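Engineer: This is the structure I have questions about; it appears just below.
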Amino acid sequence: MDQSAANPNLNMYNRKPKKKSSWIVPTIIVGAVVLVIVLMGTMFIGVVNSVFESDEVEVKSNTVLVFSVPGGIKEYSRQINLPIIGNPNAAGFLEIINAVRAAKYDNKIKGILIKPALGRTGFVKSLELLNELVEFKKSGKFIYAFIETGDESDYLITLAADSVFMQREGMMKMNGFGLANTFLKGFFDKIGVEFHVQQFEEFKSFAETYSKKKFSNEARMEISDILNARNKTFVEKVAEMRKMDVNTVYSLLARGIYTADSLQKNKLIDVIASETEMKDFLKEKIYGKNADKAKSKIDLLNIGRYATSGKLPKEKIDDNTKQIAIIYGVGTIQSGSTDNSFNAEEGVFSDTYISYLKKARENDRVKAIILRIDSPGGSVIASEAIWSEILKTKAVKPVYASMSDVAASGGYYMAMACDTIIASPMTITGSIGVILAIPNFSKLMNKLDITVDTVSTSPSAQFLNPLMSFKEVDKKQLYDLSYPVYRRFVEKVAESRKKSFEEARSVAKGRVWMGDQAMKHGLIDVEGDLQTAIDMAKARIGVQKDQKIRLDIYPKREDDISSILRLFGIKKGGSEDANMITKLASIYGMSSVETMAIWNSIPEVLRAQFKQALDITKIAQREYTIAIMPECFR
């Protein structure tokens, strides 16, 4: 008997389950994907709209400009200011200067609040900014500063403030200027690696980090000159702006001043207060002492965003038929080209830089060219190629060199081709010389009991083979091959500066000079800043100093679409640190994760030295001779 028939309840257990519809799960997945695409598209369109809207930054009444740029003010920037996220680093140095000047006459801007952001702004740029801020105060508007932490470089521009505020637990490292370098000879000795260093001449000490255990006498002397000059300038500025005795400031730096209490006691700051209390003070300054602070409102606008907002008071261009091109040369000089669209300190690539010179030369509206140089040098081959193109350009239009913080070695190579060289008294320049540093691994091979055998077609086939001991005859041959490079460098200096060879050599020898010393030795023509160069170029092409003309800037600013794509992670190039990590990984064959871990563990004070060393290592893979200044200053 069929039990299921006798007991109908059994059918519910014997019955096969119905199949679920096969289209439900795929539909859910497709729907989710479509939803994500729609959301991303909506967000993308929102970003696009925000970029192209005319009111991307609104300058309201009672606006206070906040002078705070994380990472420091760069010589130039190719990034645009995306309103959706803001970008204080989108403004370069000249744009910041122009923003300060515009704010002086902008009725909506009531004053400036300086908030040092532990930046790496160069010493020369900081001095120029300080001068501009002092000029700003002549409008009768206020400047105040609020410090959380920092050092002398951060403190420098706060000297323009009417009062300096500091939070209770704030600290300021005020103990003078110093430089520490790492020397690797002891380490290399232990593992059996030697470096044969050929330097022209005794002051060209860059490779001493590989061949010595401490500074040579010559290196120590020129570094001391630079640090003492900066220290003297800093002390005199503090004494002048804070109404203090020079000797008192010297003694304070010798002791080292750190805490808010001690800084206030010694008159280096004025008020100990929280940021909220400082903002209440600003409200009182704008609205009066009886103002309701809870209802009073001030609009804080980052100066970088203001500078790139398009909201600066419009200046009428008096003559659009005459333009001045400014071509920036920032970073290590290297051969080849780059397609990096936004990294402001990637380097000076010869082919790319030459293309800028050619475009400015062939632009009929450009009547004069300024090369703004902030470079310690690099490749001799690249410097020579740029030098030749500058001479070609100079034959058609006047070319001025404006030196920023550093224009040394290969950077001076570029400058000496120009009609006129302008530098700040604190610019680091000179370092006219070349250097070779070739590693030898023969002792390491011996330690590891690795032998080398050779087959050669000529006696010189194994010339400077790094796996074999260098012969004295090979070292002599290397000297004979490289000395003419140095001699030609000095000859070019002699020709451009109207000196004899020996006169030029006496100020060469790889020695670094400060701008005021370079002026005395005839290596530059005029002491001044970028504005000095612009004014001189105007006079040369028949434009009055107070007339406004258009500046044609190279490299061009990044286009809007590239900035949007970069926001979504679709980008060419990368951040400055990311580029260093890529270089380090490519040179030493490590993964990005390993390299990132190493890089993040390095103290900030050493990173600049490593960045420069990595650039030089990459150049050295292709070239023997390098023209770069000995130490890394900012």
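The values are calculated or read from the model by the stated rules, or taken from the named source; none is laboratory data. Computed from a predicted structure; not experimentally measured. As a convention, Cβ positions derive from the backbone with ideal geometry for all residues, glycine included, and neighbour counts pool all protein chains shown.
Engineer: At pLDDT 95 or above and over 28 Å from Ser506 (Cα atoms): does that describe Asp189? So that I can check it myself, show each step before the final result.
Structural biologist: Numbers: at pLDDT 95 or above: no; over 28 Å from Ser506 (Cα atoms): yes.
It is false that Asp189 is at pLDDT 95 or above and over 28 Å from Ser506 (Cα atoms).
Engineer: Taking region 232-271, which residues are farther than 21 Å from Gln167 by Cα and acidic (Asp, Glu)?
Structural biologist: Glu236, Glu240, Asp245
Engineer: When you check Thr308 against the structure, is it more than 30 Å from Ser205 (Cα to Cα) and in contact with a helix residue (DSSP H, G or I) (Cβ under 7 Å, 6 or more places away or on another chain), yes or no? Walk me through how you get there before you give the answer.
Structural biologist: Details: more than 30 Å from Ser205 (Cα to Cα): yes; in contact with a helix residue (DSSP H, G or I) (Cβ under 7 Å, 6 or more places away or on another chain): yes.
When the stated conditions are applied, Thr308 passes them.
Engineer: Further, regarding this structure: Hey, which of the helices (runs of 4 or more DSSP H) in region 380-469, taking only ones fully inside, have at least 1 residues that are over 26 Å from the mean Cα position of the chain (by Cα) and more than 15 Å from Gly329 (Cβ to Cβ)? Outline the logic, then answer.
Structural biologist: Numbers: elements: 380-394, 410-415, 442-447.
Filter on region 380-469 gives 380-394, 442-447.
Engineer: Regarding Thr259, is this residue among the hydroxyl-bearing types (Ser, Thr, Tyr) and surrounded by fewer than 18 Cβ atoms within 10 Å (Cβ to Cβ)? Write out each step before concluding.
Structural biologist: On the way: among the hydroxyl-bearing types (Ser, Thr, Tyr): yes; surrounded by fewer than 18 Cβ atoms within 10 Å (Cβ to Cβ): yes.
The answer is yes for Thr259.
Engineer: Here are some residues: Pro459, Pro466. Which one is over 24 Å from Gly122 (Cβ atoms) and touching a Ser or Thr at 6+ places or on another chain (Cβ under 9 Å)? Talk me through it step by step, then tell me what you get.
Structural biologist: On the way: Pro459 fails: touching a Ser or Thr at 6+ places or on another chain (Cβ under 9 Å).
Testing whether each residue is over 24 Å from Gly122 (Cβ atoms) and touching a Ser or Thr at 6+ places or on another chain (Cβ under 9 Å) leaves just Pro466.
Engineer: Still on this model: Just to be sure, is Ile269 surrounded by 13 or more Cβ atoms within 10 Å (Cβ to Cβ) and assigned to a helix (DSSP H, G or I)? Steps first, please.
Structural biologist: Values: surrounded by 13 or more Cβ atoms within 10 Å (Cβ to Cβ): yes; assigned to a helix (DSSP H, G or I): no.
No.
Engineer: Among the residues of region 224-242, is any in contact with a Gly (Cβ under 8 Å, 6 or more places away or on another chain) and in contact (Cβ under 8 Å) with a residue 40 or more places away in the chain? Can you show your working first?
Structural biologist: From region 224-242, those in contact with a Gly (Cβ under 8 Å, 6 or more places away or on another chain) are 227, 231; that's our starting set.
Restricting the remaining residues to those that are in contact (Cβ under 8 Å) with a residue 40 or more places away in the chain gives 227, 231.
Yes, region 224-242 has at least one match.
Engineer: Also: What are the residues in region 518-553 that are more than 22 Å from Arg101 (Cα to Cα), out of contact with any helix residue (DSSP H, G or I) (no Cβ under 8 Å at 6 or more places or on another chain) and outside any loop (DSSP other than H, G, I, E, B), if any?
Structural biologist: Correct list: Ala518, Met519, Lys520, Arg540.
Engineer: Across region 357-392, what is the number of residues that are buried (at least 24 other Cβ atoms within 10 Å of the Cβ) and either without any contact (Cβ under 8 Å) to a residue 24 or more places away in the chain or not aliphatic (A, V, I, L, M) (or both)?
Structural biologist: 8
Engineer: Conditions first: (1) over 30 Å from Lys283 (Cβ atoms); (2) at pLDDT 85 or above. Val47 passes all but one, so which condition is the exception?
Structural biologist: (2)
Engineer: Checking the conditions here, which among Lys173, Lys213, Lys125, Lys138 is among the charged types (D, E, K, R), closer than 30 Å to Ile450 by Cα and out of contact with any Cys (no Cβ under 8 Å at 6 or more places or on another chain)?
Structural biologist: That would be Lys213, the only listed residue that is among the charged types (D, E, K, R), closer than 30 Å to Ile450 by Cα and out of contact with any Cys (no Cβ under 8 Å at 6 or more places or on another chain).
Engineer: Which of the residues that make up region 112-141 are out of contact with any Ser or Thr (no Cβ under 9 Å at 6 or more places or on another chain) and either of a type in the set (Phe, Trp, Tyr) or farther than 20 Å from Lys237 by Cβ (or both)?
Structural biologist: The answer is Phe136, Ser139, Gly140, Lys141.
Engineer: Can you work out which of the residues in region 158-208 that are among the hydroxyl-bearing types (Ser, Thr, Tyr) and in contact with a strand residue (DSSP E or B) (Cβ under 9 Å, 6 or more places away or on another chain) is farthest from Ile114 (Cα to Cα)? Break it down into steps so the answer makes sense when it comes.
Structural biologist: Within region 158-208, the first condition is being among the hydroxyl-bearing types (Ser, Thr, Tyr), and the residues that meet it are 158, 163, 182, 205.
Going one step further and asking which of them are in contact with a strand residue (DSSP E or B) (Cβ under 9 Å, 6 or more places away or on another chain), we end up with 158, 163, 205.
Details: Thr158: 6, Ser163: 10, Ser205: 38 Å.
Per the stated criteria, the residue is Ser205.
Engineer: So, one more: Return yes when Phe501 is modelled with pLDDT of 90 or more and surrounded by fewer than 16 Cβ atoms within 10 Å (Cβ to Cβ) and no when it is not. I'd like the intermediate steps shown before the answer.
Structural biologist: Working: modelled with pLDDT of 90 or more: yes; surrounded by fewer than 16 Cβ atoms within 10 Å (Cβ to Cβ): yes.
Yes: the conditions hold for Phe501.
Engineer: Taking only region 202-218 into account, find how many residues are within 16 Å of Pro376 (Cα to Cα) and either at pLDDT 90 or above or in contact with a Pro (Cβ under 8 Å, 6 or more places away or on another chain) (or both). If you could, list the steps in order and put the result at the bottom.
Structural biologist: So the first thing to find is which residues in region 202-218 are within 16 Å of Pro376 (Cα to Cα), and the list is 203-207.
Add one more test, that the residue is either at pLDDT 90 or above or in contact with a Pro (Cβ under 8 Å, 6 or more places away or on another chain) (or both), and what stays is 203-206.
The total comes to 4.
Engineer: Exactly one condition in (1) without any contact (Cβ under 8 Å) to a residue 40 or more places away in the chain; (2) farther than 24 Å from Ala103 by Cα is false for Leu263; which is it?
Structural biologist: Failed condition: (1).
Engineer: Now for a different question. Mind listing whichever residues of region 156-199 are touching a Pro at 6+ places or on another chain (Cβ under 8 Å), surrounded by 21 or more Cβ atoms within 10 Å (Cβ to Cβ) and not polar (S, T, N, Q)?
Structural biologist: Ile157
Engineer: Further question on the same structure: Can you pull out the residues in region 105-124 that are under 20 Å from the mean Cα position of the chain (by Cα) and within 23 Å of Gly140 (Cα to Cα)? Give the derivation first.
Structural biologist: Restricting attention to region 105-124, the residues satisfying the condition of being under 20 Å from the mean Cα position of the chain (by Cα) are 115-124.
If the condition is that a residue be under 20 Å from the mean Cα position of the chain (by Cα) and within 23 Å of Gly140 (Cα to Cα), then Lys115, Pro116 are the ones that fit.
Engineer: Could you list all residues from region 285-302 that are farther than 15 Å from Phe165 by Cα and outside any loop (DSSP other than H, G, I, E, B)?
Structural biologist: Across region 285-302, the qualifying residues are Ile286, Tyr287, Asp299, Leu300, Leu301, Asn302.
Engineer: Scan region 144-152 and give yes if some residue there is farther than 20 Å from Ser431 by Cβ, in contact with a helix residue (DSSP H, G or I) (Cβ under 6 Å, 6 or more places away or on another chain) and of a type in the set (A, V, I, L, M, F, W, C), otherwise no.
Structural biologist: yes
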